[in-house]
Amino acid sequence: MAGVLAIALMAPAPIVPEYVALGDSYASGAGAGSYVDGSCRRSSNAYPALRGKDFLSFRFVACTGATTKSVTSQVKAITPATTLVTITIGGNDLGFVDVMTTCTLNGDRSCEKRVAKARGFTRDQLPARLDATYAAIRNAAPRAELVVLGYPRLFTPNDKCRTLSKRKRQALNDAADELSEVTAAAAKRAGARYVDVREAFADHGVCSGEPWINALVSPTQDSYHPAKAGQFAYFEALTG
């Protein structure tokens, strides 16, 4: 009996499942309202907040404006108890805000030129940045499940949207496709699960009959980001 008691005392305490949510504004929930953190625009409607309800320990550190370089500070939130890490990152590296500003305020050619520049960055520089980001997460939590969630296409084809011309919408959607492919490949190299949300949003882009993505709104930082319904779609894709 004494031996059994000694073994019991030596056994490590069970690990409480912990979820750490990293990433940019698409992960923080900018555009979805009900903000619990104004500077980072973390929303209680964001997919991490919805998923976090199932964990005894939840660390929500995603922040609007984050890039693959700045997200390294978020990685510090990971602990030995972390069992799940999710992340959406990369859009700000290729200049998401500048791309959308250019396409909103200028003509088709200027938009297509800026999008082409972003796509070049996506192909040539983003893969290495994503590899480094995922490696940092793996080093911090080698046994945790890593789930990478991508970005949706912003527009539903043939939605007769007056916000941007058809050429602009097509250029932006094509860029979203390339970003998704590059991110999926990087996630695979890291041994992570990739969640592609493009099909989930296929009929719910800006200007669609039932949009899940904000158009140009006030405050402008919420523009072209998932609304509450869009974040719920992310949550369903993550847990489905």
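The values are calculated or read from the model by the stated rules, or taken from the named source; none is laboratory data. Every value quoted in this text rests on a predicted model; they were computed, and no experiment measured them. Note: ideal-geometry Cβ built from the backbone for every residue, glycine included; neighbour counts use all protein chains shown. With ligands, DNA and RNA removed, areas are computed over all heavy atoms of the protein, side chains included. Shrake-Rupley method; radii C 1.70, N 1.55, O 1.52, S 1.80 Å.
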Query raised in the report: What does the accessible area of LEU130 come to, in Å² to the nearest 10, when a probe of 1.4 Å is used?
Result: 0 Å²
Query raised in the report: Is segment 104-240 best put as rounded, prolate or oblate by its Cα gyration tensor, with a ≥ b ≥ c the root eigenvalues, rounded for a/c under 1.5, and otherwise prolate when a/b is larger than b/c, oblate when not?
Result: oblate
Report task. Report, in degrees rounded to the nearest 10, the 0 to 90 angle that the Cα long axis of helix 96-105 makes with the longest principal axis of the chain. Result -> 20 degrees
Requested in this report: In whole Hz, with x marking every Gly and Pro, tabulate ³J(HN,Hα) for segment 195-200 from phi via Karplus 6.51 cos²θ - 1.76 cosθ + 1.60, θ = phi - 60°.
Outcome: 10, 8, 9, 4, 5, 4
**Report entry** Convex hull per residue volume in Å³, alpha carbons only, for the chain
**Finding:** 123 Å³
Requested in this report: Just order 118-129, 226-237 by mean Cβ neighbour count inside 10 Å, highest at the front, would you?
Outcome: 226-237, 118-129
Report summary line: Sorted by chain and number, the residues with a modelled amide H under 5 Å from that of ASN214, at a separation of 5 or more or across chains, are TYR224, HIS225, ALA227
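Given contacts defined as C-alpha pairs under 8 Å and at least six residues apart, what's the relative contact order of segment 48-198, whole-number percent?
28 percent
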Report summary line: In nm, the gap between the two label points placed 7 Å beyond Cα toward Cβ at ALA81 and SER34 is 2.5 nm
**Report entry** Under 23 Å from LYS168, Cα to Cα: lysines that are on another chain or at least 8 residues apart
**Finding:** LYS113, LYS117, LYS160
Report summary line: Carbon/sulfur accessible area of the chain, % of total, 1.4 Å probe, equals 56 percent
Query raised in the report: Hey, rough spin-label estimate for ASN158 and SER73, points 7 angstrom out along Cα→Cβ, what's it come to in nanometres?
Result: 4.7 nm
Query raised in the report: Helix 166-189 versus the longest principal axis of the chain: what angle, 0 to 90°, nearest 10, using Cα atoms?
Result: 20 degrees
Query raised in the report: Just the Cα atoms of segment 28-133: what Rg and Dmax do they give in Å?
Result: 16.2, 51
Report summary line: Once amide hydrogens are built 1.01 Å from N within the peptide plane, the residues lying 5 or more places from ASP203 or on another chain with amide H under 5 Å from its amide H are none
Report summary line: In order over segment 69-75: 3J(HN,Hα) from phi, Karplus 6.51/-1.76/1.60, θ = phi - 60°, whole Hz, x for each Gly or Pro, gives 7, 6, 5, 4, 5, 5, 4
Query raised in the report: So which residue, out of VAL61, VAL97, VAL20, gets the largest mean-square fluctuation from a GNM of the chain using Cα contacts under 10 Å as springs?
Result: VAL97
Query raised in the report: For the chain, list the cysteines whose Cβ sits under 4.7 Å from no other cysteine Cβ?
Result: none
**Report entry** Whole-number accessible area per residue in Å² for the chain, which is evaluated in the context of all protein chains at 1.4 Å
**Finding:** 48 Å²
**Report entry** Solvent-accessible surface (1.4 angstrom probe) belonging to PHE55, in square angstrom, nearest 10
**Finding:** 40 Å²
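Which order do the peptides 64-73, 157-166 come out in when sorted by mean C-beta neighbours inside 10 angstrom, highest first? Mind showing how you got there, number by number?
On the way: 64-73: 18.4, 157-166: 14.1.
For the peptides 64-73, 157-166, the packing ranking is 64-73, 157-166.
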Report summary line: Checking segment 120-219 for GluC sites (Glu not before Pro) in a loop per DSSP with at most 11 other beta-carbon atoms within 10 Å yields GLU199
Requested in this report: Sort segment 32-87 into rounded, prolate or oblate with this rule: let a ≥ b ≥ c be the square roots of the eigenvalues of the Cα gyration tensor; rounded if a/c is under 1.5, and if a/c is not under 1.5, prolate when a/b is larger than b/c, oblate otherwise.
Outcome: oblate
Query raised in the report: Between the helical axis of 228-239 and the dominant principal axis of the chain, each derived from Cα atoms, what acute angle in degrees is found, rounded to the nearest 10?
Result: 50 degrees
Query raised in the report: So between ALA128 and GLU199, what do we pick up on full extension, going 0.36 nm a residue minus the alpha carbon distance?
Result: 22.9 nm
